[in-house]
Structures are given as C-alpha cells and as structure tokens.
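Visitor: First the structure, which I've put down as structure tokens, then a few questions once you've had a look.
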Amino acid sequence: MDNPPAAVNTPATPEPSLTEPFQAAIAEAERLVAAADFIDSEADLAEGYEYLAGSIAAVLQLSGVHGTSHPQFVTSTGPYTKMGLDNPDTLYYHANVEPGAEYLLTGTRGSTVDLSFQVLKGDYTASDVPNGDDAFDDRRLQIDEDGSYRLRFGPPKDDPGPNYFVLGEGASMLAVREVYGDWANERKGTIRIERVDTIGTAPVAADPEKLRKRYRAAARQLVQRIHTWFNFPKWFYLDLPVNTLTEPRLTPGGLSTQFSSVGHFDLAEDQALLITVPKSDAPYQGFQLGSRWYISLDYVNHQTSLNSAQAQVDPDGMIRMVVSAGNPGIANWLETTGRRRGILQFRWQRVDRAMTAADGPAVQLLALDEVAAHLPYYETNKVDESGWRARIAERQRAFADRML
C-alpha cells in the first residue's frame, strides 16, 4: 500500500481580512453610484457601474506603485479607467515624487501636438511653485535635434543648469500629458523617470503588513475618487445656464498655456445644439462631450469629440458642430449616444496669447430638423451613411494604433 500523502499546512486567513477595507469601500462606492441624483435611465446606471469597475481597477494598480523610492510612469486615466473628464486626445501619465529627492526624466519628443508637465499635490492642485516650475509645456525644454531630452526635478539649487525644475513644498505627483491632433498620423514619444539616489537598486519587497496598507490606501482612493469627481460638475458647470458655453478662460488648476470653455446640455431627442467657433491659431483646439459621471463618452466607436485637425472647417474659417442624439447627416456631428444630459468642454492648449470671447464658441438651440437651414455650407457638410461609417472606422483604427 502506498504511503498516505503528507499533510499540507494551509496558512490561516489573516485577521482581520487583508481586503476587508477595500471590500467595504467597493460597497460604499457602489451605493454612491446607485444613489446619484442624475440617473435618468438604465443606460445611465450601467455607465455608472462601468465607471465604478474602471475606478476599482485604477486604484488597485495605483496603490501598488504608490512608493517614491523607485518611481515609474503609469497611466493616470484612460479608456478603461476614466475619471476627471478625460480628454480623448490626451495620453495621461504620472509618477509619485517627494520634494526632497531629485528625479531624472529621459525621453524623446514624438510628433504629437503638445507635451506638458505639471507638479501636483495629492489633492489634484498645482504645487504652487513661485517660479512657474509647477506647470509648463516642452517649449521650456532644451531638446536635441534627434528629439531626445533630459530634464531633472528636485529641490532648489543655486546653479541647477538647463532643464532643471523645482519641486515645490508638498509636491507628491508629476503628471505628464501628451496631446494628439491627427490621431492617424501623429506618434507619441517615449519617457521614463528615475530617482537619482536609487538608480540601480531594488525597492524593499512587500510583506503582509505593507500589502495591508496598500489595500487600505486603495480603499481611501476609491471613495475619494468617486466623491471628488461627483462634485466637479456642481462646482464648475451646473450653475451655468443650460445649453450654453462660457467665454474662454484659464483652466482652473491647469496649465498656464491652456484655456477652456465649459457648459452642460439638456436636449430632447428632437433638439440639437449648433456650436460655431473660429478655427484657432492655437496648436491644439479640442471639443468633447462628457457624461454626468464627469468622464468622456465613448470616443472610439462614436464621434463624441472633435479637434481642429479632425473637424471639417468651413470656407469662412469657422467650425460648425452639431450636438444631438439624432443624426443631422453632417461630418461634424457630436453624438450624445442617447444621453439627455451631459457636459460640454472646449480646450485650447499651447497658446501664446490669451483666448478672448472672439475666439470662443457661439451656441444655438434648434429643433433637429432645423439644423440644415442654419448651416451656410450644408451641401459641403453632408455625410451619408457609408461616409459616416468610414469616419468611425478611421477613429477605431487610429485609436488601436495609439494604444499599443
């Protein structure tokens, strides 16, 4: 008779459960989503639960790379982990930093229309460095002819040399944004970050207590994330008259070279917004729709955003866009994807002058069947069903290439 198998010692489940705080946070976040006062339909609720799933994935990943001893760039928000009215034209990266250390960034400049850097505190606000090192674009860098660059962030120095930027008091995060105009033909660059005093070493390995702290951190991040972005529309959008857009203004808490115009829509199925705006001399000019969850709509399979490189420009230099649920049969249709209510957002970036009211949008609320009569170049704006499918196919393919 064979010998009986040896007993297997199974480690006891830790007490209290390692994941218990995160489980409680998921339940709280789900409650907040389900109780949102702007849910009008099952589709709204389903989008909220999808938003929750992306948020869960995001905070678990981000809590695992929270340390500052060996930082790395991670995706801050993306098509599957949306937050903060993510711009469909932008790739978002960030790394965690601390103001007493020095960090080396090495990269190559791609062909995208804008590349910017911002030092943030943990509360998503600029670190408020007096000399402006907290937010700038790559025009302040010395970039070699082959597109390569090296820059450093760290504490103040008497003679720091070129491409050195100060980390202000309370700095905890370095955010990088790379912005596309032409999705199909522009290419992103490369970037990496190293902490100068730990290059070539390994971080301390995780132990159960460290993992316990990680789950606690993820729990706090999840609930905070839901609360923070629920409130943004209330602070900056919902007090504005519905179906209007503001004059261009400096983006609150954003780059000094970025202006924005904001609003919110409430449209019946037979209504439309005709938005007319001059094609800007700013290198980047983009418009997008967002949901009341304060995230972008599906911008891959629907045309819910347009920038000045993608939009059809009329012979008079104006871009005329129509926001509606129903298809007006034109190239510059922005799809609400069935939503009655949502967010309107313009951005101008890499500007070298202030954007004024003359640069901003004009808005008309129309019946959907009146749109054609208000488009002076309607005959050249028209797109049939096959042409529309070709536009969507181009977005899908360009997005797939961009995300590799």
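Visitor: Please turn the phi angles of the stretch 198-208 into ³J(HN,Hα) values with the Karplus equation 6.51 cos²θ - 1.76 cosθ + 1.60 (θ = phi - 60°), one per residue in order, whole Hz, x for glycine and proline.
Guide: 10, 4, x, 10, 10, x, 5, 5, 6, 10, x
Visitor: Pop a pseudo-label 7 angstrom from the Cα along the beta-carbon direction at both residue 185 and residue 148 and give the gap in nm to one decimal.
Guide: 2.8
Visitor: Determine Rg/Rh for the stretch 221-282; Rg is computed over alpha-carbon atoms and Rh is the Kirkwood hydrodynamic estimate from the same atoms.
Guide: Values: Rg = 14.7 Å, Rh = 14.1 Å.
The Rg/Rh ratio comes out at 1.04.
Visitor: Give, in nm to one decimal, the length gained when the segment between residue 227 and residue 49 is fully stretched (0.36 nm per residue of separation minus the Cα-Cα distance).
Guide: Extra length available between residue 227 and residue 49 comes to 62.6 nm.
Visitor: Which whole-number percent is the relative contact order of the stretch 231-384 (Cα, under 8 Å, 6+ apart)?
Guide: 34
Visitor: Relative contact order of the chain: what whole-number percent is it, with Cα pairs under 8 angstrom and at least 6 residues apart?
Guide: Relative contact order comes out at 17 percent.
Visitor: If you roll a 1.4 Å probe over the stretch 149-294 with all protein chains in place, what percent of the accessible area is carbon or sulfur?
Guide: 52
Visitor: Extension gain residue 32-residue 220, at 0.36 nm per residue separation less the Cα-Cα distance, in nm?
Guide: Gain on extension, residue 32 to residue 220, equals 66.3 nm.
Visitor: At a Förster radius of 35 Å, what calculated FRET efficiency corresponds to the Cβ-Cβ distance of residue 401 and residue 158, to the nearest 0.05?
Guide: 0.15
Visitor: Can you work out the accessible area per residue across the chain, with the rest of the protein chains kept in place, probe 1.4 Å, in square angstrom?
Guide: Per residue, the chain has 48 Å² of solvent-accessible surface.
Visitor: If you don't mind, there's one more thing I want to ask. Taking amide hydrogens as modeled 1.01 Å from N in the peptide plane, which residues meet the under 5 Å criterion relative to residue 265, leaving out close sequence neighbours?
Guide: For residue 265, whose amide H was placed from the backbone, the distant partners under 5 Å are 243, 342, 343, 344.
Visitor: Another question about this same structure. At a temperature of 25 °C and a viscosity of 0.890 mPa s, determine how fast the chain diffuses translationally according to Stokes-Einstein, using the Kirkwood radius over alpha-carbon pairs as Rh; express D in µm²/s, rounded to the nearest whole number.
Guide: Translational diffusion coefficient: 106 µm²/s.
Visitor: In whole percent, what relative contact order does the stretch 74-207 give with Cα contacts below 8 Å and a gap of six or more residues?
Guide: Here the relative contact order equals 37 percent.
Visitor: While we're on this one: Calculate the spin-label point distance for residue 65 paired with residue 242, positioning each point 7 Å from the Cα along the beta-carbon direction, and give it in nanometres.
Guide: Going by the 7 Å Cα→Cβ label model, 4.1 nm.
Visitor: Residue 207 to residue 23: FRET efficiency via 1/(1 + (r/R0)^6), r the Cβ-Cβ distance, R0 22 Å, to the nearest 0.05?
Guide: Taking R0 as 22 Å, the efficiency between residue 207 and residue 23 is 0.55.
Visitor: Moving on to the next point. Using square roots of five times the C-alpha gyration tensor eigenvalues, list the equivalent-ellipsoid semi-axes of the stretch 47-197 in whole Å, biggest first. All intermediate terms of the calculation are to be shown ahead of the outcome.
Guide: Working: eigenvalues 128, 83, 35 Å².
Computed over the stretch 47-197, the values are 25, 20, 13 Å.
Visitor: What does the charge count around residue 374 come to, taking other residues whose C-beta lies under 13 Å from its C-beta (Lys +1, Arg +1, Asp -1, Glu -1)?
Guide: -2
Visitor: Just to be sure I understand the model, the point goes 7 Å from the Cα along the line to the Cβ. What's the resulting residue 378 to residue 98 distance in nm?
Guide: Using points 7 Å along Cα→Cβ, the separation is 6.5 nm.
Visitor: Enter the mean projected area of the convex hull around the alpha-carbon atoms of the stretch 321-404, in nm², rounded to one decimal.
Guide: Orientation-averaged projected area of the Cα hull: 8.0 nm².
Visitor: Any chance you could give the angle, 0 to 90 degrees and rounded to 10, that helix 20-34 forms with the longest Cα principal axis of the chain?
Guide: On a 0 to 90 degree scale, this one is about 10.
Visitor: Lysines near residue 382 by alpha-carbon distance under 28 Å, same-chain residues fewer than 8 away left out - which ones?
Guide: 279
Visitor: Once the Cα atoms of helix 385-403 and of the chain are each reduced to a long axis, what angle between those two axes, in degrees from 0 to 90 to the nearest 10, is obtained?
Guide: 30
Visitor: Residue 106 to residue 74: FRET efficiency via 1/(1 + (r/R0)^6), r the Cβ-Cβ distance, R0 22 Å, to the nearest 0.05? Mind showing how you got there, number by number?
Guide: Values: r = 17 Å, r/R0 = 0.77.
Plugging the Cβ-Cβ distance into 1/(1 + (r/R0)^6) gives 0.85.
Visitor: Let me ask you something else. Explain nothing, just compute: Karplus ³J(HN,Hα) = 6.51 cos²θ - 1.76 cosθ + 1.60, θ = phi - 60°, for every residue of the stretch 91-104 in order, whole Hz, x for Gly and Pro.
Guide: Coupling constants for the stretch 91-104: 9, 10, 10, 8, 9, 7, 9, 9, x, x, 9, 10, 10, 10 Hz.
Visitor: Right, another one. In deg cm²/dmol and to the nearest 500, what is the mean residue ellipticity at 222 nm of the chain if only DSSP H runs of at least 4 residues count, each as -39500 (n - 2.57), divided by the residue total? Walk me through the numbers before you get to the answer.
Guide: On the way: 5 runs with 90 residues, N = 404.
The per-residue figure over the chain is -7500 deg cm²/dmol.
Visitor: With 19 Å as the cut-off, how large is the P(r) tail for the stretch 275-340, expressed as percent of Cα-Cα pairs?
Guide: Working: 660 of 2145 pairs.
Taking all Cα-Cα pairs of the stretch 275-340, the fraction more than 19 Å apart is 31 percent.
Visitor: With every atom except the alpha carbons ignored, what do you get for Rg and Dmax of the stretch 58-122, in angstroms?
Guide: Spelled out, the Cα radius of gyration and Dmax of the stretch 58-122 are 13.0, 34 Å.
The values are calculated or read from the model by the stated rules, or taken from the named source; none is laboratory data. Computed from a predicted model, the values in this text were never measured in an experiment. Cβ coordinates were reconstructed from backbone atoms using ideal geometry, including for glycine residues, and neighbour counts include every protein chain displayed. Surface accessibility is based on the protein's heavy atoms, side chains included, excluding ligands, DNA and RNA. Shrake-Rupley method; radii C 1.70, N 1.55, O 1.52, S 1.80 Å.
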